[in-house]
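K.L.:
Structure in structure tokens, see below.
Bear in mind that the values in this text are calculations on the coordinates, not laboratory data. Everything quoted here is computed from the prediction, not taken from an experiment. In this analysis, Cβ positions are derived from the backbone assuming ideal geometry, glycine residues included, and neighbour counts consider all displayed protein chains.
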Amino acid sequence: MASECSDGLPSHGRYGALLAAHPGPAAYLAALRDGRVRTHDQWQVQKQAVVLERARVLVRASGLDDETIDPPGSSRRETSASPSGS
């Protein structure tokens, strides 16, 4: 599957903040199970976390830089925002 992310992370809602608050998908899903996450946009990040736990996900997005996709200290899978290469 391929999708575009040219707008980057939305400036509205809690999506970006929820991603940034957890080092990876397993940590986010654990926080959901423990009841530590109960907020607007949690279902979007939950769906993304489930996919990341089950599949190899490669990201190529001209609207996001490498640090946004894979911040220092995160446990996310292989990523690259670089538009060069194949």
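K.L.:
Using the 10 angstrom Cβ neighbour count as an exposure proxy, how do ASP34, ASP65, ASP41 rank, fewest first? Don't skip to the end; give the middle numbers.
P.N.:
On the way: ASP34 8, ASP65 12, ASP41 16.
By the 10 Å Cβ count, ascending: ASP34, ASP65, ASP41.
K.L.:
What full-extension length gain, to one decimal in nm, is calculated for ALA30 and LEU58 as 0.36 nm per residue of separation minus the Cα-Cα distance?
P.N.:
Using 0.36 nm per residue and subtracting the Cα-Cα distance, I get 7.8 nm.
K.L.:
In whole angstrom, how long is each semi-axis of the equivalent ellipsoid of the range 15-69, when you take the square root of 5 times every eigenvalue of its Cα gyration tensor and sort them from largest down? If you can, show how the numbers build up before the last one.
P.N.:
On the way: eigenvalues 81, 35, 17 Å².
Largest first, the range 15-69 gives 20, 13, 9 Å.
K.L.:
So what are the ³J(HN,Hα) numbers for the range 42-58, from phi and the Karplus equation (6.51, -1.76, 1.60; θ = phi - 60°), rounded to whole Hz, Gly and Pro as x?
P.N.:
The phi angles translate into 4, 5, 5, 5, 4, 4, 5, 4, 4, 4, 5, 6, 9, 9, 7, 10, 10 Hz.
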